[in-house]
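**Student:** Quick one: the structure is below, questions incoming.
The values are calculated or read from the model by the stated rules, or taken from the named source; none is laboratory data. The shown structure was predicted, so the numbers you read here are calculated from the model rather than taken from an experiment. When we count neighbours, we look across all protein chains shown, and the Cβ atoms used for this are built from the backbone with ideal geometry, even at glycine.
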Amino acid sequence: MGFHILSTEELTPDQFIDKAREYLLASDSRNPKNSSKSYEKEFDRYLLSPREREVAIAVTKGISNAEIGNSLFIGLSTVKKHTSAIFEKTRTKSRAAFVSLMAHPVSN
């Protein structure tokens, strides 16, 4: 846990809250946006969109759909649509199968 000093004179209250949220998300290792680039080659292979990549990273970390939605500021139904698209593109049928594929990619 850490802290960062923001000058409130420069920001409106809403901007201040947005900045605070950005700092919290940037420091949260469970946030899908903070993942390493280890899956980029596989994501390119399966033509995952940028948002699908964020959701896919979260799935590989075992994060629940509700937590994914909260961390990416999207609704649960949107998370489910993205996971369905990911499974379709990767020809997997479950989170476990997708995680296994990412852990043991098929070589060309």
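**Student:** Output the residue which, of all residues in the stretch 57-91 that are closer than 18 Å to GLU40 by Cα and β-branched (Val, Ile, Thr), is nearest to the chain's Cα centre (by Cα).
**Tutor:** The residue in question is ILE57.
**Student:** Is it the case that VAL55 is of a type in the set (Val, Ile, Thr) and in contact with a His (Cβ under 8 Å, 6 or more places away or on another chain)?
**Tutor:** Numbers: of a type in the set (Val, Ile, Thr): yes; in contact with a His (Cβ under 8 Å, 6 or more places away or on another chain): yes.
Answer is yes for this residue.
**Student:** Looking at SER71, SER77, can you tell me which residue is surrounded by fewer than 13 Cβ atoms within 10 Å (Cβ to Cβ), assigned to a helix (DSSP H, G or I) and at pLDDT 75 or above? Break it down stepwise before answering.
**Tutor:** Working: SER71 fails: surrounded by fewer than 13 Cβ atoms within 10 Å (Cβ to Cβ).
Only one candidate qualifies: SER77.
**Student:** Which numbered condition in (1) surrounded by fewer than 14 Cβ atoms within 10 Å (Cβ to Cβ); (2) in contact (Cβ under 8 Å) with a residue 60 or more places away in the chain is the only one that MET102 fails?
**Tutor:** All conditions pass for MET102, except number (1).
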